[in-house]
Amino acid sequence: HHLSPVLPRNSWNSSVPPGMYFTCCSMNLAFRREVAAYMYMPQLPRGMERWAAIWCGVIFKRLADLMGWAVTAGTPCVEHRRASNLQANLKMEFLGYGLHETLWQIVDRVSARQSNPADTYLAIWDAVAVAFPQLAAVAMEAKVWSTLWEGSRRTPTGLRRPAGGATRDSAKGE
């Protein structure tokens, strides 16, 4: 990776309009500390691993839209020049393709802004867990992540084990 302290002359930076999603890449992601509780990149089951950053971005962007927060995208600060291994990438993506086409729509349908960002974030993950029982354990982990970041400032409501007591292993089908 090549790190550059100054953005190139042809760099750009633009607001992402409400209702529009963008490609989120964890390699070039910056956010304010105040939203760290809502930037969970889950450890997904085999065959979905590479969707973590994308789904983190989709869920965060919906939260930002509901809360009226601005999101900007721009030229990456890190250039990725390493060639990818197509076969290895497909093994980490294949199960996620079908889910993604529905997941972003489920997330986009969450329209009720709760009284605070934490509860709104939890409501989005609840919608994901209901639509995709195989991701219920991942949704629970996102809620734990958010709660840990929130710390003693408040205790979010809705932190409960998914129906059936789903665990990471049951989400993977193991």
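The table below gives the values:
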{"quantity": "In segment 18-45, the residues that are at pLDDT 80 or above and open to solvent by 60 Å² or more (accessible area, probe 1.4 Å)", "calculated": "P18, M20, A30, F31, R32, R33, E34, M41, Q43"}
{"quantity": "Boolean, Q134 is open to solvent by 60 Å² or more (accessible area, probe 1.4 Å) and assigned to a loop (DSSP other than H, G, I, E, B)", "calculated": "no"}
{"quantity": "Test: residue in segment 94-110 that is open to solvent by 30 Å² or more (accessible area, probe 1.4 Å), modelled with pLDDT of 90 or more and touching a Lys or Arg at 6+ places or on another chain (Cβ under 7 Å)", "calculated": "yes"}
{"quantity": "Qualifying residue in segment 60-76 (condition: in contact with a Gly (Cβ under 8 Å, 6 or more places away or on another chain) and surrounded by 11 or more Cβ atoms within 10 Å (Cβ to Cβ))", "calculated": "yes"}
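Condition check ((1) over 24 Å from M140 (Cβ atoms); (2) in contact with a strand residue (DSSP E or B) (Cβ under 7 Å, 6 or more places away or on another chain)) across all residues:
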| site | (1), (2) |
| --- | --- |
| T23 | yes, no |
| V35 | no, no |
| A53 | no, no |
| I59 | no, no |
| G74 | yes, yes |
| A83 | yes, no |
| M92 | no, no |
| T102 | no, no |
| T120 | no, no |
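The values are calculated or read from the model by the stated rules, or taken from the named source; none is laboratory data. If you're wondering where the values come from, they're calculated on a predicted model, not measured in any experiment. As a convention, Cβ positions derive from the backbone with ideal geometry for all residues, glycine included, and neighbour counts pool all protein chains shown. With ligands, DNA and RNA removed, areas are computed over all heavy atoms of the protein, side chains included. Shrake-Rupley method; radii C 1.70, N 1.55, O 1.52, S 1.80 Å.
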